[in-house]
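J.: Sharing a structure below in structure tokens format, with a few things to ask.
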Amino acid sequence: MVVVIPPRVSVASTVKYMKSASGKKLKEKFDFMKKVIYGRGGIWSRDYCVSTVGLNEKAIMDYAQHQYKDDAGQLKLELGK
């Protein structure tokens with residue numbers, strides 16, 4: 001996943017939002033998840049890994065676009081709605 005975050009927004013707050021929003025949507029869409037994760041506090045671990053785009057940004061963006069096209073039509077999860 002390639003995410004562009006404005007400089008005024010922290011990486012930690014962005015990841016927290018993405019995990020929270022996606023977790024809520026997954027629990028809404030898949031009822032069994034509520035039972036599977038009961039008592040854990042969430043579906044995602046507390047950890048995450050972030051890396052910045054280096055000198056080859058075009059290659060990374062091309063790869064991400066290719067993956068996006070490849071994955072089109074699979075499970076769709078709309079966040080923030």
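The values are calculated or read from the model by the stated rules, or taken from the named source; none is laboratory data. The structure presented is a predicted model; accordingly, all values stated were derived computationally and were not measured. Cβ atoms come from the backbone with ideal geometry, glycine included; neighbour counts cover every protein chain shown.
J.: Kindly check whether there is at least one residue in region 58-81 that is charged (D, E, K, R), surrounded by 11 or more Cβ atoms within 10 Å (Cβ to Cβ) and at pLDDT below 80.
T.: no
J.: I've got another one for you. So which residues in region 36-57 are in a helix (DSSP H, G or I) and either within 20 Å of Val15 (Cα to Cα) or at pLDDT 75 or above (or both), if there are any at all?
T.: Glu57
J.: Mind listing whichever residues of region 1-33 are in a loop (DSSP other than H, G, I, E, B), among the β-branched types (Val, Ile, Thr) and modelled with pLDDT of 90 or more?
T.: The one that is in a loop (DSSP other than H, G, I, E, B), among the β-branched types (Val, Ile, Thr) and modelled with pLDDT of 90 or more: Val9.
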